[in-house]
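Novice: The structure follows.
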């Protein structure tokens with residue numbers, strides 16, 4: 001009798017685990033990931049302006065976010081030749097938190113304003129890629145890093161140049177005529193902070 005009850009408990013646990021895995025696979029197939037913090041700064045500093053020519057800011061729910069696996073994160077870093085080892089990613093719950101060689105997650109519990117996240121298009125395996133806007137990426141660094149690092153990030157996000165590993169000297173001009181342009185301005189950063197009362201980035205809301 002005791003053995004039968006134990007077997008029943010084991011079977012129930014296996015069923016719950018299988019159900020959870022099926023749900024996780026479904027969410028990943030329908031989901032997206034968001035690059036944030038230092039990784040977002042590195043990515044934005046390399047890319048032509050990803051919202052150049054966009055007219056309507058996109059509303060992206062943090063609730064649908066999932067984190068990449070270790071190998072996926074490494075492939076993303078290598079594809080964009082970011083020169084970093086760890087990919088910072090947003091997650092919506094503590095259960096999704098993890099840290100490894102190539103993945104560092106940051107907890108985000110608030111829905112953020114339209115335009116906070118910029119689409120990079122389809123990535124792979126049913127996943128779409130997003131990156132934090134230059135304004136949000138700056139605020140994240142200003143909250144988590146030193147004043148000197150925040151100033152450096154501000155210069156990088158408002159510069160007329162971007163990093164290009166193939167260009168002479170490793171930098172190239174952000175020429176608006178080539179579907180590129182300055183990522184943001186001091187005024188846009190200030191306006192984003194003013195219009196976003198939930199982006200005060202209190203430690204209880206954003207956790208490194």
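The values are calculated or read from the model by the stated rules, or taken from the named source; none is laboratory data. The shown structure was predicted, so the numbers you read here are calculated from the model rather than taken from an experiment. Cβ coordinates were reconstructed from backbone atoms using ideal geometry, including for glycine residues, and neighbour counts include every protein chain displayed.
Novice: Tell me which of these residue 154 doesn't satisfy, since it passes every other one: (1) closer than 15 Å to residue 116 by Cα; (2) touching a helix residue (DSSP H, G or I) at 6+ places or on another chain (Cβ under 9 Å); (3) crowded, with 16+ Cβ neighbours inside 10 Å.
Specialist: Of (1) closer than 15 Å to residue 116 by Cα; (2) touching a helix residue (DSSP H, G or I) at 6+ places or on another chain (Cβ under 9 Å); (3) crowded, with 16+ Cβ neighbours inside 10 Å, only one is false for residue 154: (1).
Novice: Shifting gears a bit: Which count do you get for residues in region 72-96 that are in a strand (DSSP E or B) and either touching a residue at least 40 places away in the same chain (Cβ under 8 Å) or closer than 13 Å to residue 39 by Cβ (or both)?
Specialist: Result for region 72-96: 4.
Novice: Restricting to region 115-132, what's the tally of residues that are assigned to a loop (DSSP other than H, G, I, E, B) and modelled with pLDDT under 90?
Specialist: The qualifying residues number 2.
Novice: Turning to a different aspect of this structure: Just one of (1) under 26 Å from residue 157 (Cα atoms); (2) modelled with pLDDT of 90 or more; (3) surrounded by 11 or more Cβ atoms within 10 Å (Cβ to Cβ) trips up residue 78, so point out which.
Specialist: Residue 78 satisfies all of (1) under 26 Å from residue 157 (Cα atoms); (2) modelled with pLDDT of 90 or more; (3) surrounded by 11 or more Cβ atoms within 10 Å (Cβ to Cβ) except (3).
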